[in-house]
1. Within region 209-268, how many residues are free of Cβ contacts under 8 Å to residues at least 60 places away in the same chain and among the aliphatic types (A, V, I, L, M)?
2. When you go through Arg102, Arg135, Arg90, Arg83 one by one, which is the residue that is of a type outside the set (A, V, I, L, M, F, W, C), open to solvent by 50 Å² or more (accessible area, probe 1.4 Å) and at pLDDT below 95?
3. I'd like the residue in region 288-309 that is open to solvent by less than 20 Å² (accessible area, probe 1.4 Å) and not small (Gly, Ala, Ser) and, out of all such residues, is farthest from the ligand (Cβ to nearest atom).
4. Working carefully through the options Glu243, Glu272, Glu225, find the one that is within 26 Å of Gly111 (Cβ to Cβ), within 11 Å of the ligand (Cβ to nearest atom), open to solvent by less than 40 Å² (accessible area, probe 1.4 Å) and not hydroxyl-bearing (Ser, Thr, Tyr).
5. Can you tell me which residue within region 246-261, out of those that are of a type in the set (Gly, Ala, Ser) and surrounded by fewer than 16 Cβ atoms within 10 Å (Cβ to Cβ), is farthest from Asp226 (Cα to Cα)?
6. Which condition from (1) closer than 19 Å to Ala271 by Cα; (2) more than 10 Å from the ligand (Cβ to nearest atom) is the one that Thr330 breaks?
7. Hand me the list of helices (runs of 4 or more DSSP H) wholly inside region 111-222 holding 1 or more residues that are more than 16 Å from the ligand (Cβ to nearest atom).
8. Quick check on region 151-162: of everything there that is touching a strand residue (DSSP E or B) at 6+ places or on another chain (Cβ under 9 Å) and surrounded by fewer than 19 Cβ atoms within 10 Å (Cβ to Cβ), which residue is farthest from Tyr301 (Cα to Cα)?
Amino acid sequence: VTTAPQQYVVLGSFNVLPARSRADLISLLKTWTAAIAALTTGVPVGPSEERENAPVDTGESADQGPSRLTVTVGFGASLFDDRFGLAMLRPPALADLPVFRRDSLDPTKSGGDIAVQVCADRQIVVEHALRNLARVGRDFVALRWRRNGFNEPLSSPAGGSPRNLFGFRDGTSNPDTSDDAVMQRNVWVPASDGPAWMVGGTYQVYREVHLDIERWDDSPLGDQEDTFGRYKLSGAPYGGTKEHDVVDVSKLPATSHVRVANPRTGPESEAERILRRGYNFDDGFDASMSRYRAGLAFIAYQRDPRRQFVTIQQRLAATDELTRTYAVHTASGLFAVPPGVSQGDHIGSLLLQ
Ligand code: HEM
């Protein structure tokens with residue numbers, strides 16, 4: 001959640017197979033915890049050198065080391081149905097997201113029981129990690145959908161936040177992950193919110209957002225900059241000269257993305273702020289339409305999506321120029337990410353104990 005964004009992501013959402021029990025779910029999460037520990041240290045997920053057996057680890061990232069690999073596991077609302085006796089433990093904050101204006105969601109690319117976000121600085125490392133987690137978990141879960149994404153390296157020659165496919169720096173105005181007070185207020189679930197198994201965890205919102213690349217590329221620079229309320233090259237807000245200059249909303253167009261996303265009304269909008277950790281995606285070219293299939297894999301973390309993501313997205317869908325003119329949300333997910341695990345523990349142990 002707080003690791004400086006790696007260059008690549010693959011997000012996989014799994015459904016638990018039919019007729020699996022709560023004990024099976026625990027076995028899966030124990031198996032995955034051990035496999036993730038291996039992957040994050042760059043060692044094979046299991047014995048792979050016996051010539052008479054299929055290698056447990058598929059081996060394609062054997063020479064790459066961990067490459068800053070992180071794996072973040074979250075539970076979708078469907079896990080809390082009647083299959084595993086978890087209904088009473090469903091957090092109120094894991095409420096289904098409303099349908100937003102202009103949403104065009106594909107259910108087969110949305111939702112799922114358990115989401116696994118894999119990030120690393122090499123593409124083959126993220127591909128390998130998800131493929132091997134699916135493999136070692138195949139008696140219990142099946143992949144429902146997956147989403148790849150990429151960012152420019154953190155250390156680009158010019159510095160500054162990485163650019164998205166519209167050419168703008170993205171991630172500038174994020175909560176400071178080293179500021180404990182802000183992280184406690186906006187990202188981590190406190191004991192007062194509950195439930196107990198989520199304390200210290202967070203909620204992940206995923207949105208696949210297709211961007212109208214062709215329309216954007218033919219829009220005048222002035223319109224592009226008005227759309228965000230920031231200058232394209234520097235990333236500075238209107239009225240400023242540097243990327244991290246303070247935003248003065250009175251200088252931004254009323255329908256600009258930055259102003260609508262964060263109207264800077266004081267404590268109210270501060271409490272809404274989310275930790276965005278998105279990636280670009282490129283699904284190739286739709287020859288029949290002569291259009292790119294590309295956009296933003298929006299991923300954000302927060303303490304309570306009901307008063308953070310939902311509130312922001314409702315405003316964006318109503319008045320944001322970017323959302324109204326250039327973007328369509330095509331897939332969605334909301335997952336409860338329990339706190340991380342320490343030695344001897346397994347993912348989700350508090351939920352399933
Ligand atoms: C449609 C695809 C989107 C693109 C291309 C995009 C791009 C950007 C860019 C370039 C910025 C300004 C730089 C920055 O502060 O990072 C920004 C800011 C922001 N965006 Fe988006 N965004 C998109 C969708 C969303 C969605 C779906 C949400 C949440 C519902 C969102 C929430 C925010 C927030 C909270 C800010 C920071 C505002 C501030 O505090 O100044 N964005 N976005």
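1. So the count comes out to 7.
2. After ruling out the rest, the residue left standing is Arg102.
3. In this case the residue turns out to be Asp304.
4. After applying the criteria, what remains is Glu272.
5. Ser250
6. Of the numbered conditions (1) closer than 19 Å to Ala271 by Cα; (2) more than 10 Å from the ligand (Cβ to nearest atom), the odd one out for Thr330 is (1).
7. Output list reads 123-136, 180-186.
8. Once the filter is applied, the top-ranked residue is Ser156.
The values are calculated or read from the model by the stated rules, or taken from the named source; none is laboratory data. Just so you know, these numbers come straight off a predicted model, no measurement behind them. Quick reminder, even Gly has a Cβ in these numbers, built from the backbone with ideal geometry, and neighbours come from all protein chains shown. We work out accessible area using only protein heavy atoms, side chains counted, and drop any ligands, DNA or RNA first. Shrake-Rupley method; radii C 1.70, N 1.55, O 1.52, S 1.80 Å.
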